[in-house]
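The values are calculated or read from the model by the stated rules, or taken from the named source; none is laboratory data. As the structure is a computational prediction, the values presented were derived from the model and not from experiment. For neighbour counting, all protein chains shown are included, and Cβ atoms are generated from backbone atoms with ideal geometry for every residue, glycine included. Accessible surface is based on the protein model in full, side chains and every heavy atom, while ligands, DNA and RNA are left aside. Shrake-Rupley method; radii C 1.70, N 1.55, O 1.52, S 1.80 Å.
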Amino acid sequence: FLADPPLDPVISKTVEIGARGTAANDLSWSAAIYRTDLKDDILFISNPLATNAGVFDNVGDTRRQGFELTVGKKIGKLGLSARYSYLKATYESSFIIANEVNTEAADLNGDGEDDIQVRPGNRIPGLPESTLKIRADYDFSDKFSLGANVIYASSIFARGDENNADERGKVPGYTVVNLDARYRFTKNFEVFGRI
């Protein structure tokens, strides 16, 4: 890392509304929508002349907005839950950053270095639009339980594709399956494992 330039504070303004409850058949649910606007957001800017080097700098305004839905139910010793979230994370200011790896990079500043133009509405890299989490667990006794969850995340723009125009396209989505077990020796002591 290089020395960062003087950074302005990031100011966040968030609006969120939601509700949660339990249906007649003991199905718990929740729903929320939100919008967060950040002023003077900070981004890592790569140094085109060095590998894995760069600075953090203010790049203007960004927005994260979306919704989240959750349902869950306990059927005897079996617990089931699902959570879906949608996120639209965008830049809300125009800026030019140095970038030597983006296929759309060109010398936009006339300084001999390749740059990309980021415009309002471009998606922020590294943040999936959709995420789904599904979980099931079973209590064999008061002390022992087994569980599994599946996590799906949709495709993302890679870091370096802040203009969303790199010909190589997005990084594909992925799915992860986790298995876990817990044994409770006492109220205050338990052992767990996860694969």
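When the chain is described by a simple charge dipole with +1 on each Lys and Arg Cβ and -1 on each Asp and Glu Cβ, the residue from F44, P6, L132 located farthest towards its positive end is L132. Relative to its residue count, region 1-82 spans a Cα convex hull of 148 Å³ per residue. Based on C-alpha pairs under 8 angstrom that are at least 6 apart in sequence, region 1-109 has a relative contact order of 24 percent. The slack between F56 and D37, meaning 0.36 nm per residue of separation minus the straight C-alpha distance, is 4.9 nm. Assuming charge only on the beta carbon of Lys and Arg (+1) and of Asp and Glu (-1), the dipole of region 67-195 about its Cα centre is about 1580 debye to the nearest 20. With the whole protein complex present, F185 retains an accessible surface near 100 Å², based on a 1.4 Å probe. Classify region 46-162 from the C-alpha gyration tensor, please: rounded if a/c falls under 1.5, else prolate or oblate depending on whether a/b exceeds b/c. Here region 46-162 falls in the prolate category. Just so you know, the Rg over Rh for the chain is 1.10, from Cα atoms, with Rh as the Kirkwood radius.
Here K143 is the anchor, and the lysines within straight C-alpha reach of less than 24 Å, apart from those fewer than 8 places off in the same chain, are K73, K74, K77, K187. Pairs of Cα atoms nearer than 8 Å and 6+ residues apart set the relative contact order; for the chain it is 14 percent. Among I42, I156, I17, the largest mean-square fluctuation in a Gaussian network model of the chain (Cα springs under 10 Å) belongs to I17.
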